[in-house]
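The values are calculated or read from the model by the stated rules, or taken from the named source; none is laboratory data. Owing to the predicted nature of the structure, the values given are computational and were not obtained by experimental measurement. Here the Cβ positions follow ideal geometry from the backbone for every residue, glycine too, while neighbour counts run over all protein chains shown. Just so you know, the surface numbers come from the protein's heavy atoms only, side chains and all, with ligands and any DNA or RNA stripped out. Shrake-Rupley method; radii C 1.70, N 1.55, O 1.52, S 1.80 Å.
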Amino acid sequence: MFKGRIDSSVLRECVDAVLAVVDEARLKIGESAWKVRAVDPANVALVDLELKREAFSEFSLGPEKEQKEKEKEFVVGVPFDKLREVLRWCKDEVALSIEEDKMTVESSAYTFTLNLLSADAVRKELKIPSLNFSTKVAMDAVEFNKVLKAAEKISDMMAIGVQNESFFVEAEGDMETMRYSLHKDELMHLSGSDCRSLFSLEYLAAMAKGISSETLTLFIGTDYPLKMEFEIAEGFGKVIYLLAPRIEAE
């Protein structure tokens, strides 16, 4: 059993980050953090979230945890889409109580009880593959979101890469093309070699909705997965997205 208190806006940040990839997932609650790792049904996108106990004003594992000394984590299946609907009515801090089959959310005069899923009924997490990215870029997250919206007007795919010390995004449609480019000096960070990979804008746009940080870090390669990383909960949490590339025809 878990009991805790957390700002509702922080909890919404976490829920939105997960919903960018899946509607339901296994939540692991340990002594030091909440953790979620899930892959979408098509095995194209992955979300990996960690929310440290320092993000909570209260954080405790109940008697059930203490009785299972060998069990390091309390795992439940959470319908994050349903939880997001509940959080629409919550302001300021919320009190949480989580048992094996239900979650109680209290905020002001409201008390919501959410039925949870059996952890065994939710797809188990996959290991994050070992990846060696050639390039790292850090930029303004709002600006990246604007670029995605512009690219969506042109195509359903978008190329991301680095060329001659400039980060670029390209989209090509039947009648139009778009190229966005920022030199290393205009970015927060750029290191590595030239590269280029193609990605689905449908997935990228969904992930962008889950990004709440001001800074977004991208890890890129050539015909390689995209890794996006950002902080949540004022630095007491972190989210990683992985997206498989679309291989361009030669």
Task: Output for region 1-23, where each listed residue is under 22 Å from Asp40 (Cβ atoms) and basic (Lys, Arg) - done: Arg12
Task: Boolean, Leu216 is under 16 Å from Lys136 (Cα atoms), crowded, with 16+ Cβ neighbours inside 10 Å, modelled with pLDDT of 95 or more and touching a Phe, Trp or Tyr at 6+ places or on another chain (Cβ under 7 Å) - done: yes
Task: Count of region 112-153 residues which are among the small types (Gly, Ala, Ser), touching a Gly at 6+ places or on another chain (Cβ under 9 Å) and open to solvent by less than 70 Å² (accessible area, probe 1.4 Å) - done: 3
TODO: Could you check Ser108 against (1) within 26 Å of Glu214 (Cα to Cα); (2) touching a Cys at 6+ places or on another chain (Cβ under 9 Å); (3) among the polar types (S, T, N, Q) and say which number it fails?
DONE: (1)
- [ ] Name every residue in region 121-148 that is free of Cβ contacts under 8 Å to residues at least 24 places away in the same chain and not in a loop (DSSP other than H, G, I, E, B), in order of residue number.
- [x] Glu143, Lys146
- [ ] Mind listing just one residue for me: the one in region 41-94 that is at pLDDT 95 or above and in a loop (DSSP other than H, G, I, E, B) and, of those, farthest from Pro225 (Cα to Cα)?
- [x] Ser57
TODO: Go through region 1-17 and count every residue that is of a type outside the set (Ser, Thr, Tyr), open to solvent by less than 10 Å² (accessible area, probe 1.4 Å) and more than 12 Å from Ile232 (Cα to Cα).
DONE: 3
- [ ] May I ask you to list pairs of residues, at least six apart or on different chains, whose Cβ atoms are under 7 Å apart, with the first in region 66-83 being farther than 10 Å from Ile29 by Cβ and open to solvent by less than 20 Å² (accessible area, probe 1.4 Å) and the second being in a loop (DSSP other than H, G, I, E, B) and at pLDDT below 95?
- [x] Gly77/Ser118; Gly77/Val122
Task: Condition met for Gly221 (more than 13 Å from the chain's Cα centre (by Cα), open to solvent by less than 10 Å² (accessible area, probe 1.4 Å) and over 30 Å from Arg53 (Cα atoms)) - done: yes
Task: Residue among Ser166, Ser191, Ser200, Ser181 that alone is under 27 Å from Val39 (Cα atoms) and not β-branched (Val, Ile, Thr) - done: Ser200
Task: Subset of region 5-40 (residues that are assigned to a helix (DSSP H, G or I) and either of a type in the set (S, T, N, Q) or modelled with pLDDT under 95 (or both)) - done: Ser8, Ser9
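Listed here are the residues, each with its yes/no results for (1) farther than 23 Å from Ser212 by Cα; (2) crowded, with 17+ Cβ neighbours inside 10 Å; (3) touching a Phe, Trp or Tyr at 6+ places or on another chain (Cβ under 9 Å).
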{"position": "Ile160", "(1), (2), (3)": "no, yes, yes"}
{"position": "Glu165", "(1), (2), (3)": "yes, no, no"}
{"position": "Glu170", "(1), (2), (3)": "yes, yes, yes"}
{"position": "Asp185", "(1), (2), (3)": "yes, no, no"}
{"position": "Leu190", "(1), (2), (3)": "no, yes, yes"}
